[in-house]
Structure formats: C-alpha cells, structure tokens
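Notes for the one structure printed next.
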Amino acid sequence: MMKNFNRRDWLKTSVLGLGSLPLLTGNLSAKTNSVSGQNWSSESMLWEMNPIYKDVKMKARLLANENPFGPSSSVQKAIAESISMGNRYGHGDAAYLIDMLAEKEGVKPENIMLGPGSTDMLEKTAIVLCQKGGNVISADPSYMSLVNTAKAMGGDWKAVPLKADYSHDLDAMESAIDADTKLLYVCNPNNPMGAITDPVELKGFCKSASKKRPIFVDEAYLEFMDKPADHTMVGLVKEGHDVMVARTFSKIHGMAGLRVGYMVATEERIKSITSMVRGTMGLCVTSLKGAIASLKDEKFIASCREWNKESKEYTLGQVKSMGFDPITSHTSFMIFPIQQEGKAFAGKMMDQGVGIRVYSIADQPWCRVSMGTMDEMKLFVDALKTVTA
C-alpha cells in the first residue's frame, strides 16, 4: 500500500514550466509517427524560458502531456477561416458543438456543458459545490485542480491512498463519505500515475456512492485507450445517476492551447452549476470552430492514438532496459521512480534540452515523461542515459 502523497513536495518539485512563454510547434522530422502536410516550423525544436532554467534551449518538451501531433490540418484550416468572425460571439457555434457532443455521447444537449478545457469544468464544479466549505474525497496521488479549488473555497481534502496496483481504492473512498462531503473525484485514467481503475468496479461504485454524494469522473486521457467506450462512465448520466464526466480537446485532439473541454452530467446538475457560472462565455469562436472540425476528423484522432502507442512502446522498452520500473500507462505519459533528488534530476535533464516533470510520492522521487514524437522520445532516452550514467 502506498503512503499518503506529500502535497507540499508536489508543489515544490512538480512544475518546471510555470511562467513559460508560448512555444513554437514541434518538429516532426522522424520517419515514423510523423504528420504530413502540417506545415511545422523548421525552427521549432522547442525552447522556453522559465524562472529556474533561463536561456535553456528545450529540444523535447515532455512536461505537460501535450499532443505533439496536433491540432490537425483540418482544425488549423477551420481556425484560419474563422478569424474574420472574431468580432462576433460564438453562441451559435457553441450550440452546434453541444449538439455534436450530445450525439457523440448519446445524451441530450441539456446534459452538456462547455468550457475552456476540462480543468475549467473541475474548478467551476468545486466553486459551486464547496461555497460553504465541506470536503472533497479523491485518490492520493491524483490530479489536483478540483481539490485545490475546493480548498481555496474553504473546503478540505480527504485523501485516499491508491491501492497497490495504483488503481483507486473505491471501497475506502465510499467509506470516507461523511456529513460534510460535497463531492467525490475520480481521475480515470489517473494523472500522474497513468493507471486505470476497472470500469465494472467503477460503475458499481458510481451507482452506489452517487446516491449519497455527486461523483466527478475526469476522463481527460480516456481516448488514448484502444476501447474508450468500454471504460467511460457517460452511460450512467443517461441512466439518471448524479455523475459528472469531463472530457477535453487538450489531449488527443492536440488543442491544449486552444482551450475547449466539456462536461456530461444530469440536466439538474448542469443547471445547478450554470446558474452560478457560465461556460461558453469563456470560449472564442476560433476555438469552437476548431473543436467542431476536430470532432469530424476521426482519422486524425485514430492516428494520434497509434502514434502515442508507438512512442510509448519504444520508450517503455528503453526505460525498462535501463533498470527502471514504469507503471503500466493507459495515457499519453508514463511515470517511474528514480534514484536522484527530483529537482536536481529535472535540472540535469533540462541541461540536456529535455523537459520532464518530477514528483515526490511516498517520499520517493518519480519522473513523469509525456509522449512526444519518436525523435523527441529518442532525445529523452539519450538524456536519461547521460543523466543516470
């Protein structure tokens, strides 16, 4: 069983890119998992300025779980053609996108809420539900945006350690519900661990626990899996359970900088949130047009899934051959324990032009690396060999 995750260590060691400047698009010169006709800049073996490592040229940006292959050419075209409409609000496009998403998820438009990324959905939900404090129950470690917002509202975090296989301890989470609990949060697949919780067990948990308190299931990385439909909790919303499901265009759609996400929930739950905060007002017409185009580009999404798998299989083999023990990942990143102090390790990797994230989990430093192009993963492997030699 894992020890409780030390959140102070997380805040000290996990984020290397805060305050960074915008980046150029990634160079996709590899013979494999590359995109043709994307017009990538030849000047873009990525650099960024940050307060820790100034003037370091970043050759592989593998620290933010971004999709190096997107946005697709169809998205770029749609955005370019919509710039002239920048003087208009995008309410019509938002309604059209909501209709598309409702059809995709098998729910009514009233079950969809849009926002600038799924993190926006998490934070707005925490703001609404934790106005008067209370507590939020989630796994430890997990993605912290919802928890941090709840705490900022005066709430508390009831952290439930992950099980030995890094899945959620659903029984312990349900047992942790008390009179002050406002929400239960499940990130599946989980970030930063990359592990998945069994969908049958999770559905049973959601059906039972949602009778007591609302459940928020964050599925930001779900679409990197081979059969995402087998793992989603969206069907529970259609059955009327008080379950919220978040999805994003930031990951497999390659639109992290364009900021579009959505939530699927019961009509009553959506109304309880939108009565206080609005989602579509935070979205610009260009991003909406891009999201609409991306939803239609199923071939690109399938290709991204394959390219991510190809990079992950290569990296997994290389990392294991070096004696590391990565957790089986169902996402666009992988994480493994290291034997160096986290901040120093990250600095050495940055000196090699490779940006990664480090975490302290159960008093052990871990390296989380996002999947990039094959060229970028080769740079990562070479840097890891140099740093650990």
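The residues Thr232, Thr274, Thr331, sorted by heavy-atom accessible surface at 1.4 Å with ligands and nucleic acids left out, run Thr274, Thr232, Thr331 from largest to smallest.
For the pair Ala229 and Asp171, label points projected 7 Å from Cα toward Cβ lie 3.3 nm apart. Along the chain, the exposed loop sites are trypsin sites (Lys or Arg not before Pro) outside DSSP states H, G, I, E and B with at most 14 other Cβ atoms within 10 Å, and the longest stretch free of them is 279-389. Its relative contact order, with pairs defined as Cα atoms under 8 Å and 6+ residues apart, puts the chain at 25 percent.
If you compute log10 I(q)/I(0) by the Debye sum over Cα atoms at q = 0.07, 0.12 Å⁻¹ for the structure shown, which of (1) -0.47, -1.00; (2) -0.62, -1.07; (3) -0.30, -0.95 do you land on? Matching the structure shown: (3).
Given R0 = 35 Å, the distance between the Cβ atoms of Ala152 and Arg88 translates into a calculated FRET efficiency of 0.55. Dividing the mean sequence gap of close Cα pairs (under 8 Å, 6+ apart) by how many residues the stretch 179-257 holds gives a relative contact order of 32 percent. May I ask for the net charge around Lys158, where only other residues with Cβ less than 11 Å from the Cβ of Lys158 are counted and Lys, Arg are +1 while Asp, Glu are -1? Summing Lys/Arg as +1 and Asp/Glu as -1 gives -3. Here the stretch 288-365 is treated with +1 on each Lys and Arg Cβ and -1 on each Asp and Glu Cβ, and its dipole about the Cα centre works out to around 260 debye.
For the stretch 112-126, backbone phi angles converted through the Karplus equation (6.51, -1.76, 1.60; θ = phi - 60°) give residue-by-residue couplings of 10, 10, 8, x, x, x, 6, 4, 4, 5, 4, 5, 5, 5, 5 Hz, Gly and Pro being listed as x. Here the simple spin-label model places points 7 Å from the Cα toward Cβ, and for Ser74 and Gln339 these points are separated by 4.9 nm. Distances between placed amide hydrogens fall under 5 Å for Asp156 paired with Gly134, Asn135, Val136, all partners being 5 or more residues away or on another chain. Cβ under 9 Å from Phe333's Cβ, Phe333 left aside: what net charge do those residues give with Lys, Arg +1 and Asp, Glu -1? Summing Lys/Arg as +1 and Asp/Glu as -1 gives +3. In sequence order, the stretch 78-87 has phi-based couplings of 5, 5, 4, 6, 9, 4, 5, 9, x, 7 Hz under the Karplus curve 6.51 cos²θ - 1.76 cosθ + 1.60, θ = phi - 60°, and Gly or Pro positions carry x. Note on the chain: with charges restricted to the Cβ of Lys and Arg (+1) and Asp and Glu (-1), its dipole about the Cα centre is near 580 debye. When you filter the GluC sites (Glu not before Pro) in the stretch 176-248 for DSSP loop state and at most 15 other Cβ atoms inside 10 Å of their Cβ, you are left with Glu239. Electrostatic tally near Arg213: other residues with Cβ closer than 9 Å to its Cβ, Lys and Arg +1, Asp and Glu -1, net +2. Spatial offset of the stretch 78-132 relative to the stretch 187-234 amounts to 21 Å, using the alpha carbon center of each. The length gained by stretching the chain between Glu201 and Ser272 to full extension, at 0.36 nm per residue less their Cα-Cα distance, is 22.8 nm.
The values are calculated or read from the model by the stated rules, or taken from the named source; none is laboratory data. Everything numeric in this text was worked out from a predicted model, so none of it was measured. Cβ sites come from the backbone with ideal geometry, for glycine too, and all protein chains shown count toward neighbours. Protein only, heavy atoms only, side chains kept; ligands, DNA and RNA dropped before computing areas. Shrake-Rupley method; radii C 1.70, N 1.55, O 1.52, S 1.80 Å.
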